[in-house]
Amino acid sequence: MVKKGDFIIIEYTGYDENGNIFDSTSGEIAKQVHGKEGSLLIFFGVDSMVQGMENAITSMKNGEEIEFSLSPDKAFGVKDKNKINVLPLSEFDKNEFKLYSGLIVQMETKFGVLNGKVKTVNNGRVLIDFNHPLAGQNVKYKLKLVEVLDDVNGKINGLMAKLGVEGTFDVNGVKITISLNKGQTEEELKKARLTLAIKNMIPEIKEVEFKKNGSSIPEKVQ
C-alpha cells in the first residue's frame, strides 16, 4: 500500500472526454507539460495530484498498470459559474498585449491567482473563464506505478534527477556527501533546493556536505 510520504515513480497518460491526450509522461505532450519525457518522481501526499489518481495509487503495487475513469469531482472539478467573469476592458493594459478570444491571462481573483481563458471581447467588456480547462469533464487515465523507492540511495537518486542535479554521492550513516559534476548551471540554487528537499523528505539524513574541485562546503540539515 502506498502511503503519504512515500517516494513513488509513475508513468501515465490522461485523456479528456473526447479521447484527446491532455497530459502524459511520454511523447511530445510530456515535453510540453513537464519539460521532459520519462517517468516522474512523486512525493506522495505532498506533491500536487488529481484526487482520483491519488486515490487509485494508494492500492497499487510495484509494476502494476491500471486504467480508470474519473468524474469531474474527482478530477478537475465541476464547472463553477462564479469563475466566469465579465471585466471592463479598462482593467487591462492595451499597450502590453492585445486581448483576443482564446488568450490565457493570469489574474488575481477572489479564488487566488488563476489562469483564465478569454472567451469574448465586446463593447469594452471582456468575458473570462477562470475554470480549469477540463472542469466539468469526465477524464480517463492509464497509469503505471513503476516503483516505490524504499531505500535512501534510491530516494537521493530520484531527487537529484527531479531537480536536475548532476553528480555522485556517498551516504555514511546520517551524513551524505555529494560531489557535483563540473559546469552545471544555477549550481548554488540547485544545491539549496536539494538540501531543502533532503531536509524535508528524508529525515534519516541529518547532515549534507557538497564537494567540488577538492573542496567541501558543509551544509548541516537542522
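The values are calculated or read from the model by the stated rules, or taken from the named source; none is laboratory data. As the structure is a prediction and not an experimental result, all values here were calculated from the model. Heads up, the Cβs are rebuilt from the backbone with ideal geometry, glycines too, and the neighbour counts pull from every protein chain shown.
Miscellaneous remarks
- Qualifying residue in region 39-46 (condition: out of contact with any helix residue (DSSP H, G or I) (no Cβ under 7 Å at 6 or more places or on another chain), exposed (fewer than 13 other Cβ atoms within 10 Å of the Cβ) and in contact (Cβ under 8 Å) with a residue 12 or more places away in the chain): yes
- Per the conditions (1) within 24 Å of Ile128 (Cα to Cα); (2) assigned to a helix (DSSP H, G or I); (3) of a type in the set (S, T, N, Q), the sole criterion not satisfied by Asn18 is (2).
- Count of region 139-181 residues which are assigned to a strand (DSSP E or B) and of a type in the set (Val, Ile, Thr): 8
- For first residues located in region 196-208 and over 14 Å from Val165 (Cβ atoms) and surrounded by fewer than 16 Cβ atoms within 10 Å (Cβ to Cβ), partners that are of a type in the set (Val, Ile, Thr) and modelled with pLDDT under 95 and lie 6+ apart or on another chain with Cβ distances below 6 Å form the pairs Glu204/Val152; Lys206/Val174; Lys206/Val221.
- Test result for Lys74, at pLDDT below 95 and either assigned by TED's automatic domain parsing to the domain that holds Asp6 or of a type in the set (Gly, Ala, Ser) (or both): no
- The numbered conditions (1) touching a Pro at 6+ places or on another chain (Cβ under 9 Å); (2) at positive phi are all true for Asn138 except (2).
- Subset of region 114-128 [within 31 Å of the chain's Cα centre (by Cα) and either on the phi > 0 side of the Ramachandran plot or without any contact (Cβ under 8 Å) to a residue 40 or more places away in the chain (or both)]: Leu114, Asn115, Gly116, Lys117, Val118, Lys119, Thr120
- Every test in (1) touching a strand residue (DSSP E or B) at 6+ places or on another chain (Cβ under 8 Å); (2) modelled with pLDDT of 95 or more is passed by Val126 save one, and that test is (2).
- Residue match in region 168-176 (condition: closer than 30 Å to Gly63 by Cβ and surrounded by fewer than 16 Cβ atoms within 10 Å (Cβ to Cβ)): yes
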